[in-house]
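Visitor: Submitted below is the structure of interest, expressed as structure tokens.
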Amino acid sequence: MRLYGKLSCFDCFEDLVSNKRVHWVQVVPEPVEMWQNIGGFNTLDLLYKDARRWSLTFQSYVQLTMLQNHTRRQVPLSPSL
């Protein structure tokens, strides 16, 4: 299987999980919508417009949202590997 880029890899894992071909993978998508609306501000757009100014702010929020998503209780994995 050949994969080109992060999105292709994500799609592949999502397909494997949704078709129940693997039981030990959980797909946690990036919360892009959250990054595009923080109290009406699109931090992703601000980053693209002025990376020097907004990169620390954006990356800090990305780390926070990714941490929240990865520590949120997910569907239990099957114990048999």
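The values are calculated or read from the model by the stated rules, or taken from the named source; none is laboratory data. Here the structure is a predicted model, which is why all the values come from computation and not from measurement. For neighbour counting, all protein chains shown are included, and Cβ atoms are generated from backbone atoms with ideal geometry for every residue, glycine included.
Visitor: Out of the residues in segment 40-68 that are surrounded by 12 or more Cβ atoms within 10 Å (Cβ to Cβ) and under 17 Å from Val28 (Cβ atoms), state the one that is farthest from the chain's Cα centre (by Cα).
Guide: Of everything passing the filter in segment 40-68, Tyr61 is farthest from the chain's Cα centre (by Cα).
Visitor: Do we find that Arg2 is loosely packed, with under 11 Cβ neighbours inside 10 Å and either over 13 Å from the mean Cα position of the chain (by Cα) or modelled with pLDDT of 95 or more (or both) in this structure?
Guide: yes
Visitor: Something else now. Determine whether Leu64 is at pLDDT 90 or above and touching a Phe, Trp or Tyr at 6+ places or on another chain (Cβ under 6 Å).
Guide: In short, no.
Visitor: While we're on this one: Which residue pairs have Cβ atoms under 7 Å apart, sit 6 or more places apart or on different chains, and have a first residue in segment 57-71 that is without any contact (Cβ under 8 Å) to a residue 60 or more places away in the chain and a second that is of a type in the set (S, T, N, Q)?
Guide: Close Cβ pairs satisfying both conditions: Thr57/Thr43; Phe58/Thr43; Tyr61/Thr43.
Visitor: Further, regarding this structure: What are the residues in segment 27-61 that are of a type in the set (Val, Ile, Thr), out of contact with any Lys or Arg (no Cβ under 9 Å at 6 or more places or on another chain) and either at pLDDT below 90 or more than 30 Å from Val17 (Cα to Cα) (or both), if any?
Guide: Val27, Ile38, Thr43, Thr57
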